[in-house]
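Here the structure is laid out as structure tokens; the discussion comes afterwards.
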Amino acid sequence: MTASSLLAEAEALLPELTRLRRDFHRHPELSMQEFRTTAAIKRLLEEAGIRLMPIGLPVGAVAEIAGAEPGPTVALRADIDALPIQEETGLPFASEVQGVMHACGHDFHMTALLGAARLLHARRERLRGSVRLLFQPAEEKGTGALALIEAGALDGVQAIFGLHNKPELPVGKVGIAAGPLMASVDGFRLTVTGRGGHAAIPEAAIDPIVAASAIVGGLQTAVSRSISPFDSAVVSVCRFQAGTAWNVIPDEASLDGTVRAFRPEVRSLMPELLQRIAAGIASGYGAEAALKWYSGIPSVTNDGLMADLCRRTALALDLEVTEAKRSAGGEDFAYYQTKVPGCFMWVGTGGTEEWHHPRFTLDERALAPAAALLAGAAIQALEHFAGRS
Ligand code: NI
């Protein structure tokens with residue numbers, strides 16, 4: 001692979017990519033409303049001579065760059081949606097949409113993928129197969145990846161690669177790791193049922209608020225007492241609702257929360273564990289607790305071989321490679337990885353704030369390594385599947 005020239009070519013595209021990214025940044029769109037963004041992506045791909053594939057979705061785009069000879073197909077994915085956050089960066093190209101902001105840098109991701117598309121298209125005669133480009137809507141809602149998979153975007157694909165900007169890593173540094181990288185994301189509701197009554201006559205009532213309070217405390221032991229210290233998980237209760245008046249004990253209290261885990265074995269333990277703890281505590285108060293489980297995104301888990309391939313690609317590009325630090329956040333890239341092996345990478349963007357912050361910023365110079373890394377990973381993977389790695 002002519003890695004050094006890939007990075008040089010990406011750097012030559014930088015002024016254009018920067019303009020593009022700023023345009024996306026000015027016009028952020030929420031999940032499943034990415035109409036302007038989709039139109040812009042399609043126009044840019046068509047102008048570059050890249051073939052769009054029909055997917056039958058109102059938002060998002062899929063395209064394919066076919067090599068001169070038939071061969072395997074690998075995919076590159078970028079997410080394209082923004083968040084319901086009011087931007088506070090004060091940048092000259094800040095969001096022009098009230099209350100909506102690219103605060104997770106998906107504008108960066110799609111621009112990097114457009115850059116990679118240009119690099120790959122220029123090399124199409126030498127590609128040992130095809131590269132599918134997935135511009136995915138609705139990552140923030142966790143529904144976009146499934147929609148693309150159902151639309152057939154992954155049909156015939158042998159491996160997939162994607163990246164997320166990483167504010168704490170400097171430009172030119174990438175984080176790559178085999179195994180779990182981001183957590184599974186599930187939700188739950190615990191309904192605690194007691195018996196309502198007069199606030200001054202508690203002996204005639206069963207107070208669900210007191211029982212639910214004890215349950216909140218008890219749930220903190222789910223991880224510390226039932227999960228191995230060598231594994232990790234998070235249980236957070238984020239909403240506690242009960243009562244209608246200051247002097248009435250209500251019938252019911254409800255607790256909403258989320259569970260994060262990195263291994264499917266740990267994840268699968270959690271519903272029963274939470275139910276058992278909650279029901280046990282509730283019964284001590286004469287109340288009852290029922291759990292409703294909302295299964296969400298699985299964990300982003302990188303294939304060892306594909307992670308190694310990405311690592312070699314990054315090193316060949318003269319990028320600094322570090323072991324990727326895990327995030328307990330979720331990413332629906334995980335759904336693709338339940339279908340085909342893949343690798344999700346961190347790309348250093350030297351920002352000052354974390355994702356989803358109203359003053360989130362990134363260093364646009366990172367667009368060049370990001371584009372080169374995506375293109376390089378696709379080229380390497382094609383070589384690998386064509387049996388020449
Ligand atoms: Ni994101």
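The values are calculated or read from the model by the stated rules, or taken from the named source; none is laboratory data. Just so it is clear, the model here is predicted, and its values are computed rather than measured. Please note: Cβ atoms are built from the backbone with ideal geometry, for glycine as well, and neighbour counts cover all protein chains shown. All accessible areas refer to the heavy atoms of the entire protein, side chains included, with ligands and DNA or RNA removed. Shrake-Rupley method; radii C 1.70, N 1.55, O 1.52, S 1.80 Å.
At a glance:
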read-out: Computed [θ] at 222 nm, deg cm²/dmol, the chain (DSSP H ≥ 4; -39,500 (n - 2.57); rounded to nearest 500); value: -11500 deg cm²/dmol
read-out: Cut-off 19 Å, label 7 Å out along Cα→Cβ of L305, residues of region 64-101 by amide N; value: 71-76
read-out: Probe 1.4 Å, accessible area per residue of region 124-219, Å²; value: 34 Å²
read-out: Protein-only accessible surface order, largest first, of T111, T89 at 1.4 Å; value: T89, T111
read-out: Potential lengthening between A386 and K292 on full extension [0.36 nm per residue; Cα-Cα distance subtracted]; value: 29.2 nm
read-out: Pairwise label distance in nanometres, V210 with R43, each label 7 Å out on the Cα-Cβ vector; value: 6.6 nm
read-out: Part-to-part distance (alpha-carbon centres) for region 304-321 and region 328-345, which is given in Å; value: 18 Å
read-out: Virtual spin-label span in nm between S228 and D155, 7 Å along Cα→Cβ; value: 4.1 nm
read-out: Nearest-ten-degree value, helix 106-122 long axis tilted from longest Cα axis of the chain; value: 30 degrees
read-out: Listed residues E125, E87, E9 arranged by accessible area, highest first, probe 1.4 Å; value: E125, E9, E87
read-out: Accessible heavy-atom area order of C238, C343, highest first, probe of 1.4 Å; value: C238, C343
read-out: Cα gyration tensor shape of region 63-201, rounded if a/c is under 1.5, else prolate or oblate by comparing a/b with b/c; value: prolate
read-out: Within straight-line cross-link reach of K173, lysines at Cα separation under 26 Å, skipping those fewer than 8 residues along the same chain; value: K325
read-out: Rounded to 5, percent antiparallel among DSSP beta bridges of region 46-177; value: 45 percent
read-out: Segment Q98-E125, length gained on full extension (0.36 nm per residue, minus Cα span); value: 5.2 nm
read-out: Normalised convex hull volume, the chain, alpha-carbon set, Å³ per residue; value: 143 Å³
read-out: Cα-based shape type of region 184-297, given that a ≥ b ≥ c are square roots of the gyration tensor eigenvalues and the cut on a/c is 1.5; value: prolate
read-out: 16 Å Cα-Cα reach of K166 towards aspartates and glutamates, excluding residues that sit fewer than 8 places from it in its own chain; value: D79, D107, E320, E323, E331, E353, E354, D363, E364
read-out: Acute angle (nearest 10 degrees) that the helix 264-284 long axis makes with the longest principal axis of the chain, alpha-carbon atoms; value: 20 degrees
read-out: Solvent-accessible area of M32 with every protein chain in place, 1.4 Å probe, in Å² to the nearest 10; value: 70 Å²
read-out: Within straight-line cross-link reach of K42, lysines at Cα separation under 25 Å, skipping those fewer than 8 residues along the same chain; value: K141
read-out: Carbon/sulfur fraction of accessible area - the chain, other protein chains in place, 1.4 Å, %; value: 53 percent
read-out: For the chain, share of DSSP beta bridges that run antiparallel, in % to the nearest 5; value: 65 percent
read-out: For region 332-380: rounded, prolate or oblate by the Cα gyration tensor [a/c cutoff 1.5]; value: oblate
read-out: W293 accessible area, 1.4 Å probe, all protein chains in place, Å² to nearest 10; value: 70 Å²
read-out: Separation between Cα centres of region 363-378 and region 98-177, rounded to whole Å; value: 11 Å
